[in-house]
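Just so you know, all these numbers are worked out from the coordinates, no wet-lab data involved. Being a predicted model, the structure only gives us computed values, none of them experimental. Every residue, glycine as well, gets a Cβ built from its backbone with ideal geometry; the counts of neighbours run over all protein chains shown.
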Amino acid sequence: MTSRRPDPIDLLLPPSVAAAAPTRGAGLRRLALLAAGWTIVALGIALAPLPGPFGLPVAAVGGMLVLRNSHDARKRFVRAKRRAPAMLAPLVARFEGWRRRRRARRLSDARA
């Protein structure tokens, strides 16, 4: 029997999320969040030509929604991150820092 290599996406998810069984409405919720994410990305692209810093932050928020709710998008993001690490490193470092702070905040709130 050969051991299967873990999927890189599973390594990014906390164990509680990776092991959680989907509930009945989870698929519908995920689909709605995915549609909202793509809509926000499109809105960000539409706002990009306007003066001011509106397009990129809006598209980034939409991209985060898409990445959190689409397994295929996460797989492609991981592949792109491996192929061009220097280009994506600042974005990934910022997200990882945010995720660490958020997890620490949740842990401190749970203890209190």
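In the neighborhood of Gly37, defined by Cβ-to-Cβ distances under 15 Å, what is the net charge if each Lys or Arg adds +1 and each Asp or Glu adds -1? With Lys, Arg at +1 and Asp, Glu at -1, the neighbours total +4.
Please list the equivalent ellipsoid semi-axes of region 26-69, computed as the square roots of five times the alpha-carbon gyration tensor eigenvalues, in descending order and whole angstrom.
In descending order, the three semi-axes are 23, 8, 5 Å.
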